[in-house]
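S.K.: Below is a structure I'd like to ask you about.
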Amino acid sequence: MKQEASARQVRPVRVMFGGDVMLGRNVKESILRYGPGYPLGPIAPLMRASDLAIVNLECALTASLERWPGLPKAYYFGAPPLAAVVLSDAGIGLVSLANNHVLDYGEQGLRDTLRLLGELGIALAGAGPDLAQARSAAIVDCGGTRFGMAAFCDHQPDFAAYDGRPGIAYLDLDDEAAALRVLRESLAPLLRAAVDWPILSLHWGPNMVRRPTARFRRIAHAAIDMGWKILFGHSAHVFHGVELYRGCPILYAAGDLVDDYHVDPAFRNDHQLLFELELEKRALHRIALYPVLIARCQARLATGDSERYIADQVTALCAEFGTPVRQSDGRILIEGVNEGASHSRS
């Protein structure tokens, strides 16, 4: 029995990352018309097959119609309470809330979001009723491997949580030294909790850019150097290449998973990716990338010319980081990473 338990403990686990999930506006209308299985239904079986699926939830889940009282915004993203089932039906077990839309419908919208996620057993990080809880990490155990994620956002400072005030974990990346101190402080509890794979979620940078800046690469490397093992970036609305740094994956931008956004003909932001990491307690074995097409407020696996475009685009972007990629049966594979991926806690 002990040998069987040991074997179960070290089995590889598959962790899937999707980018921004926006369930408001036209996606909201699709949910109300077709049901919560509509936005992610075509890719839900793939996501449910993973041991843990993680996304950035870029909207409030609420029936409230009272918008954030700060300066007017171009867009407000709110989804009905029913939309929480979109996440659970797709097998999503952990979400980042550190972004510039989760408080679009005020503190009530945030409270509703926290409650609905809790009722469905979906773990969360990046927002909360006060600063300490917004910065605290979620810890999830999968197949004997422990993951922990803290989440931060570098824009919409008026959404920031404070002592006694709800909000997001805001991080001023212009003050790089202070930001790195916050990241180190947030990592410490995860190391004390014997987390095998600390995940740093960052909603950072501008929209519609294909590559991270030199400063963002510097910050990402510093985060890995201090002990974070996976960096999960988003906000750009398009995917970036994957970098392997000290054997740890850096997803500078995971793109979007579902939305109703205008499609830029240059960036083709309806062409996206799902990122699946296969790993054990101390080693990353493989990354599989699945091409996704967003059409009519629904995410589906890309085929034909769309699949080829996505594969060629991410292959070229990964090459800029020296990350070797091969294409096989509808997946884009990054293999052979385990040789340098073993890690010890910093």
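S.K.: How big is the range 219-346 by Rg and Dmax over its Cα atoms, in Å?
M.R.: That works out to 14.9, 45 Å for Rg and Dmax.
S.K.: How long are the three semi-axes of the equivalent ellipsoid of the range 1-144, in whole Å, if each is the root of 5 times an eigenvalue of the C-alpha gyration tensor, listed from largest down?
M.R.: That gives 30, 19, 11 Å for the three semi-axes.
S.K.: Moving to a separate point now. Could you give me the ³J(HN,Hα) list for the range 157-172, computed from phi with Karplus coefficients 6.51, -1.76, 1.60 and θ = phi - 60°, whole Hz, x at Gly and Pro?
M.R.: x, 6, 7, 4, 6, 9, 4, x, 10, x, x, 9, 7, 7, 9, 7
S.K.: Let me ask another. Restricting the count to DSSP beta bridges whose residues both fall in the chain, what percent are antiparallel, rounded to a multiple of 5?
M.R.: Among the beta bridges of the chain, antiparallel pairing accounts for roughly 55 percent.
S.K.: Let me ask you something else. If one puts a single equal scatterer on every Cα of the range 157-235 and applies the Debye formula without solvent, what log₁₀ I(q)/I(0) results at q = 0.14, 0.18, 0.26, 0.27 Å⁻¹?
M.R.: -0.51, -0.84, -1.39, -1.43
S.K.: Let me ask something else about it. Where the Cα atoms of the range 117-181 are projected onto their three principal axes, how long is each span, largest first, in whole Å?
M.R.: 39, 26, 17
S.K.: Using θ = phi - 60° and the Karplus curve 6.51 cos²θ - 1.76 cosθ + 1.60, what whole-Hz ³J(HN,Hα) does each residue of the range 97-113 get, with Gly and Pro shown as x?
M.R.: 10, 7, 7, 9, 9, 5, 10, 4, 10, x, 5, 5, x, 5, 4, 4, 4
S.K.: Quote to one decimal, in nm, the extra length available between Arg111 and Arg181 on full extension: 0.36 nm per residue of separation minus the C-alpha distance between them.
M.R.: Value of the extension gain: 22.4 nm.
S.K.: I'd like the FRET efficiency for Ala316 and Arg218, computed as 1/(1 + (r/R0)^6) with the beta carbon distance as r and R0 of 22 Å, rounded to 0.05.
M.R.: My answer for the efficiency is 0.45.
S.K.: How large is Rg/Rh for the range 128-266, to two decimals, with Cα atoms and a Kirkwood Rh?
M.R.: Values: Rg = 15.2 Å, Rh = 15.7 Å.
When Rh is taken as the Kirkwood radius, the ratio is 0.97.
S.K.: What trypsin sites (Lys or Arg not before Pro) in the range 54-154 are in a loop by DSSP, with at most 13 other Cβ atoms within 10 Å of the Cβ?
M.R.: Values: sites: Arg67, Lys73, Arg111, Arg115, Arg135, Arg146; in loops: Arg67, Lys73.
Here the sparse-neighbourhood loop sites are Lys73.
S.K.: With volume of the Cα convex hull per residue in Å³ as the read-out, I listed (1) 254; (2) 135; (3) 158; which label goes with the value calculated from this structure?
M.R.: Recomputing volume of the Cα convex hull per residue in Å³ here picks out (2).
S.K.: Compute the separation of the alpha-carbon centres of the range 132-192 and the range 242-272 and state it in Å as a whole number.
M.R.: Each part reduced to its Cα centre gives a spacing of 22 Å.
S.K.: Obtain the nm distance between the two label points defined at Asp264 and Leu191 by a simple spin-label model: each point lies 7 Å from its Cα along the Cα-to-C-beta direction.
M.R.: 3.8 nm
S.K.: Still on this structure: What 222 nm value per residue comes from the helices of the chain, counting each DSSP H run with n ≥ 4 as -39,500 (n - 2.57) and dividing by all residues, nearest 500 deg cm²/dmol?
M.R.: -8000 deg cm²/dmol
Here, each number is a calculation from the coordinates, and none is a lab measurement. Because the structure is predicted, anything quoted here is derived from the model rather than measured. Every residue, glycine as well, gets a Cβ built from its backbone with ideal geometry; the counts of neighbours run over all protein chains shown.
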